[in-house]
Structures are given as structure tokens and as C-alpha cells.
Amino acid sequence: MKYSGFSLLKNSFSGHKHWPNIAADIEPKSRYDIIIVGAGGHGLATAHYLAKNHQITDVLVIDSGWIGGGNTGRNTTIVRSDYLLNASFKLKDFALQLWQALSQELNFNLMYSPRGYIDLAHSDGELEHFLSRANAMRLGGANVEILSSQQVADRVPGIDVSDNARFPVCGALYQPDGGVVRHDAVAWGFARSASTAGVHILQNCPVTGFTAKDNHITGISTTRGNIECNKVLISAASASSKLASMVDIKLPMDLINVQAFVSEPVKPILDSVVNYNAGLAYISQTDKGELVMGGATDGYESLARRGSFSSIEDTLARATQMFPFISRLRLMRHWSGTADIPMDGNAIVGRSPVENLYLNCGWGYAGFKATPAVGWSMAELLATEQLPQLLQPFALDRFKSGALIDDAGIGPYPWLH
Amino acid sequence: MLLIPCPNCGERDEIEFDYGGRAIQYPALNNSMSDWHMVLHQRDNSTETIEEFWYHQSGCECWFKVTRNLNTHEFES
Ligand SMILES: Cc1cc2nc3c(=O)[nH]c(=O)nc-3n(C[C@H](O)[C@H](O)[C@H](O)COP(=O)(O)OP(=O)(O)OC[C@H]3O[C@@H](n4cnc5c(N)ncnc54)[C@H](O)[C@@H]3O)c2cc1C
Ligand SMILES: [Zn+2]
């Protein structure tokens, strides 16, 4: 069914009780061409582009939980492409281009709002570094500006740029095309499109193992029995490591808790996304008026999806340094996701040591913004067996060969975060 | 919030500590690159409990090793 003003009107007569499900309920078949493990944004985007760009619909997307219940539905919804290194920049900038037309393409309002991303610098050294990042981005064709602290104050009412702030703001990197996208809508939009095209989406069914023969996967085992396939993509974020270990692949990543916070709703005060770099806190305002905040990870390995109080205090302290008025607001909710963080802080995407097993994981606390670009490229790899240029730097074997994607410029550093 | 059992100071609040990561066994310096790769980068994330190092920075300044459950955050000795 196409969503439109007419369908809205029609369904209002029946009290909105008869809208079809986002994804059709299915009985799994005994065999598929491609199985995607993980119905997060990345897995579902891959399914969408397999159908749309390559007309491949003999696909199962399977999830232990529900659509978008992983990190896709837990993130702070920020999209941007302000990365220094080409590998990171190009993939995320391609995603930024895709976000622009995606609501139309999916016939689903993703609420993409390019409200501008402002990354604050607190020292001359930091500002220099931002300048070189901005120049690198310009070479890649992105629109980016360096703001003075006065320009920051003009653009962002309520922000403290005074000299007696604890960590004075001396300027910022500003990416006007950055912003937010509604995360649940991304999962639902891709799921609906893929399902309409004929892709099967199976929820509440964990993958418990793989059947394999001579370095070749023949199928998956699930709580509802075995399902055969030609190819498997593991796209299960923090669970990818455990899944890969079932076929004796160890992944170079730590699993660490990351939290997000929402304040009570207030009148519109903030029409951009602002990131505070002395310590870490970033903030945006939803259409409902809540302030959404995030910060650094909890800093140690965890699968608990339960936040540490000290990082709540820490993030909110930074946020109030940035916007003093926040101290008078109440926190409404906070939640966590398990971030899968590889040793160089960048994702692992592409082939695996097992012939017909593909990997997409290690996106940590930064992969939402890349969702459509990863789906697009991964679908190309699965359909054509040609590794798209955008994905080449993200190969698993870079940890062995030393070709790390070192955005932070601090070298290979286990438990980086 | 973790209450971390320091062998010298007893259970103390996590903000007093620095994390030292997985308690890995480093190979000898002249071992091969691939040995070092296995140890430095590769992680076994299939278990629920891990051995890890903590540093009691704002206390006795001692490094120590503990076993912790990643789902419940309980320490086991
Ligand atoms: C608090 C927080 C804030 C963040 N903020 C941002 C941000 O502002 N911007 C940004 O770009 N990124 C952000 N991120 C990162 C972003 O959320 C993730 O990188 C991205 O959503 C990952 O999408 P995914 O589809 O790969 O994984 P997920 O959405 O986690 O999907 C993986 C799926 O696999 C399923 N699964 C697990 N085990 C199994 C199994 N055995 N069998 C079957 N299915 C299984 C899970 O149920 C899950 O649905 C944030 C993350 C967190 C936690
Ligand atoms: Zn101590």
C-alpha cells in the first residue's frame, strides 16, 4: 500500500485500525539465495538495495528481536560526514547524498532534517586540526565552514562561548548538510520496502549456528530449525563477534556500553546539532521539544545495555557547560546500546575468511549515518561479487596487514575507547 | 555503577579506576607479527565472563586482575 494523503483519509474512517503491518508475517522457506542476519538499519538497507538495484528478492532478513531493536533504534540519530580520512569521509558522504531523497524513494517519512552539525573547538590546536579536516572534506566536494566563536554564538542561541567558561569555545567546524534522521523510521522504511518487494523478514528468531562444509556455509541454524542458503551476511552489530566465532572467525573488536539521554520537552531552543569536545557531549532537539544528548562510552567492556551512573554525570556536566540552561531541565529517559568497536575504531565490511560469508559490523557508536551507503554497497558486493571501491578500505584483513583506518591519528590501540 | 574490588582498598567506586582492558598474555617480543596480531587485535567475544585489568588510579595506584560477568557486571574471584 502506498502511503498518501488519500490512504490517511481512508484509514481515518476506520479509526486507523486496519493499516497493514510494516513487514508481512511470513513462514520461513527451507532455502534462500541470501540470508542476512540482523534486521537493523544496515541489514534491512542491504535487503532493500538488493531488491531495488539488483532485482534479487530471494532473501531472508532474520532477527533475534524485532525490527530496529538493536543499535538502530537506540542511537542519537545524527548524520554527518566530517571525517578526515578518505575511507571514512567518502562512505558517509555518499550516505548523506542518499538520505536526501530516501523518504521519497521509500514512501516513508524519515524526517531527514539537515539542520547543520557544529563541532566545537576548545583550543587553537584543535581548531587547526578542524581546519585540515575541513580542507580534506572540501577536496572531496563537501560543503563545510569554519566558524569563529562569535559566529557560533550567532548561530546557536543559548550556548556559552564566554571566556570564563570552563573550556572556552574558540571556533567550530560547521557542516550545513549534517543533521538528524528519525532512526526507527529508517528501519521501518527499509523493512517495508524490502518486504513489499518480496524479501522475507523473520523476527524473534535468533540464529544459533551455521552449517558449513569445507570453508563454505550451507545454511543457518535457528530456534525454528535449519535454513539453507547460498550466501550469508552477518550484520548483527555487537552480536557479530559471537556469530563469527561459530565459524572460527575471531573479530578484532571490543563490546562497550554507550548511553543516550532525553530531557523533558521544552519550547524550540536548538535548531542544529552541537558537539562539545572538551570531554564529550552532543545535543540536538527533537520536534517534540526534548533535548537528545549523548557522550563518551562507559569505557569498559559490557553486554548489559545498562548505563553506568558516572558517565551520565559526566555527559550531563559537559552538556551544561555548553548550554547552562540545561541545568534546570529534568532528565526523562536514558538507555544504552552495546557498541561494537574495532581496534582502529572503524567498521569491518566486506568478505570474510569463509568463502560465502560476508561481514558488516564494528560500526560502534557511529554507524547510523552510514546506513544507506553500506546497504547500497553491500548489496552490490552480494549481487555482483565485485567489491565496491567504497568498501575496500574496510576489509577485515587490514588489522593483519597494518592498513588501519586511523581517523583519530593515534595508531593501532587495543581498547581504543 | 561498578563497585570494583581492589585487592588493597576493598570495593571502591568505578570513578577511582582506569580501565586496562582484557587481561591478555603478551607473546615474547621476538614472536611473529601474526602472533602479535592475534593477541593485540583479536578478541574472543563468545564468553559471558572475561578477565580484565583495572588500575586504581585515585587510590593505591595498583594494577590488578579481576574476572567480571559482562551481563550482570558481577565480579568473581
Ligand atoms: C547510544 C548510541 C548512540 C548512537 N548515536 C549515533 C549517532 O548519533 N549517529 C550515528 O551515525 N551512529 C550512532 N550510533 C551507532 C549506530 O546506532 C549503529 O552503528 C548502527 O545503528 C548499527 O546498525 P546495524 O544495523 O549494523 O546494527 P543493529 O541495529 O544493532 O542491528 C543488529 C541486529 O542484529 C540482531 N541480532 C543480534 N544477534 C542475533 C542473532 N543471533 N540472530 C539474529 N539476529 C541477531 C539484533 O537483534 C539487532 O536487531 C549510536 C549507537 C548507540 C548505542
Ligand atoms: Zn586500591
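The values are calculated or read from the model by the stated rules, or taken from the named source; none is laboratory data. Please read all numbers here as calculations on a predicted model, not as lab measurements. For neighbour counting, all protein chains shown are included, and Cβ atoms are generated from backbone atoms with ideal geometry for every residue, glycine included. Heads up: the accessible areas ignore ligands, DNA and RNA and are worked out on the full protein's heavy atoms, side chains in. Shrake-Rupley method; radii C 1.70, N 1.55, O 1.52, S 1.80 Å.
Along its three principal directions, the equivalent ellipsoid of the stretch A:157-226 from the Cα gyration tensor extends over semi-axes of 49, 19, 13 Å, largest first.
Could you work out the relative contact order of chain A, using alpha carbon pairs under 8 angstrom and six or more residues apart, expressed as a whole percent?
Relative contact order comes out at 22 percent.
In a DSSP loop and with at most 16 other Cβ atoms within 10 Å, the trypsin sites (Lys or Arg not before Pro) in the stretch A:1-47 are A:Lys2, A:Lys17, A:Lys29. Over all pairs of different C-alpha atoms in chain A, the reciprocal of the mean inverse distance, the Kirkwood hydrodynamic radius, equals 22.2 Å. In the stretch B:17-37, the residues whose accessible area drops by at least 10 square angstrom when the other protein chains are added to the isolated chain are B:Tyr19, B:Gly20, B:Gly21, B:Arg22, B:Ser34, B:His37; the probe is 1.4 Å and only protein heavy atoms count.
Separation of the alpha carbons by more than 32 angstrom is noted, of A:Lys2/A:Lys242; A:Lys90/A:Lys231; A:Lys242/A:Lys288; A:Lys2/A:Lys213; A:Lys52/A:Lys400; A:Lys90/A:Lys400, for A:Lys2/A:Lys242; A:Lys242/A:Lys288; A:Lys2/A:Lys213; A:Lys52/A:Lys400. Below 12 angstrom from the Cβ of A:Asn143, what's the summed charge of the other residues (Lys, Arg +1; Asp, Glu -1)? Neighbourhood net charge equals -2. Determine the distance separating the Cα centre of the stretch B:40-71 from the Cα centre of the stretch A:47-114; give it in Å without decimals. Spelled out, the Cα-based centre of one part sits 35 Å from the other. Burial of accessible area (probe 1.4 Å, heavy atoms of protein chains only) in the stretch A:240-288, relative to its chain alone, reaches at least 10 Å² for A:Ser241, A:Lys242, A:Ser245, A:Lys250, A:Leu251, A:Pro252, A:Met253, A:Asp254, A:Leu255. As an equivalent ellipsoid, the stretch A:11-97 spans semi-axes of 29, 21, 14 angstrom, where each value is the square root of five times an eigenvalue of the C-alpha gyration tensor, largest first.
Averaging 1/r over every pair of different alpha carbons in chain B and inverting the result gives a Kirkwood radius of 13.7 Å.
Amide hydrogen proximity for A:Glu290: with H placed 1.01 Å from N in the peptide plane, the residues at 5 or more positions away or on another chain lying under 5 Å are A:Val266.
Within the same chain, aspartates and glutamates fewer than 8 places from A:Lys29 are excluded, and of the rest, those with a Cα less than 13 Å from its Cα are A:Asp58, A:Glu228. So what is the relative contact order of chain B, in percent, for Cα pairs below 8 Å that sit 6 or more residues apart? It comes to 29 percent, rounded to a whole number. Here is the list for the stretch A:300-336: trypsin sites (Lys or Arg not before Pro) lying in DSSP coil, each with at most 10 other C-beta atoms within 10 angstrom of its C-beta, are A:Arg330.
Count the net charge of all other residues whose Cβ sits under 12 Å from the Cβ of A:Asp407, scoring Lys and Arg as +1 and Asp and Glu as -1.
Values: positive: A:Lys92, A:Arg133; negative: A:Asp82, A:Asp344, A:Asp406.
With Lys, Arg at +1 and Asp, Glu at -1, the net is -1.
The eigenvalues of the Cα gyration tensor, multiplied by 5 and square-rooted, give the stretch A:286-417 an equivalent ellipsoid with semi-axes of 34, 18, 13 Å from largest to smallest. Residues whose amide H falls under 5 Å from that of A:Val61, counting only those 5 or more places apart or on a different chain, are A:Ile36, A:His200, A:Ile201, A:Leu202, with hydrogens built in the peptide plane.
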